[in-house]
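Novice: Below: one structure in structure tokens.
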Amino acid sequence: MFLIFLVFNSIFFLPPAIYSGNITIFKSQIDTIDITGFSKCGLTSRWFRTQFSPFLTNFKEIPKGLKIVYHPLAIGSKLVNGSKVATCENGWLECQLNKLQCCSKKYITDESHPINLLKIITCIQGKSKLEDGISCLPETEIGEKIQNCSKSQEGEDLLIAEPFPHNESITLPWIKINGIRSLEATKNLQSVVCSLPSAKKASPCLPAEEMVL
């Protein structure tokens, strides 16, 4: 009977697998956090300041298996001289900062250190002048590409393409954990992250007595 139980578990409860010839490769669990906000929204900027920035400082690196994506939000678009241009809730500056964030997402592609992109997005968030947002970019060819992107139709298209939470009423930041909206993540992000399989063994999530000095 016990043998039957083991066989049943091996069939139905193993992680998802990829079959390649005679080799079976098991995929690791990926947790996703999707954050949607306006770059000039006071609530979004306060969340970045009180929740997201401390989280990045505490973690230093994003755990493998955890994917965090920020979605700068436009509220629509309009045609200007035949070109589609994004419109933003809080005006022109918000659109410019949003585009800097979108273009950063496209051109900063260091998958081994995703925290670098998240720090730049955090730096841009809530800036009172466009020049201050630009100063968050790396002083490299990549930084120039991001600036050029944000000033062009490419930046408009990237911003317009960001997914809008289709709800009658949304409170920003709108955060989804593995596709499900999480109000708790707006109040205690690190606690929510530490409850995820991909992050629960990260140093900031461990009790003090379990941390390796």
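Novice: Cβ neighbours within 10 Å, averaged per peptide: list 149-162, 173-186, 78-91 in order, most packed at the top.
Specialist: My ranking of the peptides, most packed first, is 149-162, 173-186, 78-91.
Novice: Give, as a single signed number, the net charge of other residues whose beta carbon lies under 15 Å from the beta carbon of residue 159, with Lys and Arg counted +1 and Asp and Glu -1.
Specialist: Overall, the nearby charge balance is +1.
Novice: Sort out for me the Cα centre separation of segment 181-196 from segment 124-176, rounded to whole Å.
Specialist: 24
Novice: Between residue 57 and residue 206, what length comes free when the chain is fully extended (0.36 nm per residue of separation minus the Cα-Cα distance, one decimal in nm)?
Specialist: Gain on extension, residue 57 to residue 206, equals 52.1 nm.
Novice: Between residue 110 and residue 184, what FRET efficiency follows from the Cβ-Cβ distance if R0 is 30 Å, with the result rounded to 0.05?
Specialist: Once the sixth-power term is evaluated, E becomes 0.50.
Novice: Subtracting the Cα-Cα distance from 0.36 nm times the residue separation, let me have the gained length for residue 171 to residue 132 in nm, one decimal.
Specialist: Full extension of this stretch gives 11.4 nm more.
Novice: Rounded to the nearest 0.05, what FRET efficiency do residue 92 and residue 46 give with R0 = 22 Å and r taken as the Cβ-Cβ distance? Could you check?
Specialist: FRET efficiency, residue 92 to residue 46: 0.50.
Novice: Ok, one more. Over all alpha-carbon pairs of segment 35-188, lay out the pair-distance distribution in 5 Å bins, whole %, shortest bin first.
Specialist: Going from the shortest bin to the longest, the percentages are 2, 9, 19, 23, 22, 15, 7, 2, 1, 0.
Read the figures in this text as sums done on the coordinates, not as results from a lab. Bear in mind that the values here come from a model prediction, so they are computed numbers and not experimental data. Ideal geometry is used to build each Cβ from the backbone, glycine not excepted, and the neighbour counts take in all protein chains shown.
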